[in-house]
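Since the structure comes first, as structure tokens, the remarks are kept for the end.
The values are calculated or read from the model by the stated rules, or taken from the named source; none is laboratory data. On a predicted model such as this, the values are computed, not experimentally measured, just so you know. Note that each Cβ is placed from the backbone with ideal geometry, even for glycine, and that neighbours are counted across all protein chains shown.
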Amino acid sequence: MAFYRVGEAFIEVVATGREPALIGLALKAPDLDATVVQIRLCGGPVSDPKPAVQGGRIASVWSEHLKWGLAIMGT
């Protein structure tokens, strides 16, 4: 796994031995806790925030729900 900074964004590259594919998307929220609450109020299956490898915190929408990963990042 490697992280590349592109302006204010990061690109995370993961080698799996499979064909290249989009396996997930991460979005930044100004208020992670409020975002998690809103996702849950809409019926979205989202994890509790936890420390992120990239710094800050991260919450994930369960990939089985979307068929690919969606992460919400914040402080």
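Would you confirm whether any residue within the range 4-24 is β-branched (Val, Ile, Thr), touching a helix residue (DSSP H, G or I) at 6+ places or on another chain (Cβ under 7 Å) and in a strand (DSSP E or B)? Checking the range 4-24: not a single residue is β-branched (Val, Ile, Thr), touching a helix residue (DSSP H, G or I) at 6+ places or on another chain (Cβ under 7 Å) and in a strand (DSSP E or B). With respect to the conditions (1) outside any strand (DSSP E or B); (2) at pLDDT below 90, PRO30 lacks only one, and its number is (2). Within the range 51-75, how many residues turn out to be among the basic types (Lys, Arg), part of a strand (DSSP E or B) and exposed (fewer than 13 other Cβ atoms within 10 Å of the Cβ)? Residues that pass the stated criteria total 0. Pairs please, first residue from the range 24-42 and surrounded by 14 or more Cβ atoms within 10 Å (Cβ to Cβ), second anywhere and in a helix (DSSP H, G or I), Cβ atoms under 8 Å, 6+ apart in sequence or on different chains. Short answer, once both residue conditions are applied: GLY24/SER63; ALA29/THR35. Of all residues in the range 61-75, those that are of a type in the set (S, T, N, Q) and more than 10 Å from GLY24 (Cα to Cα) total 1.
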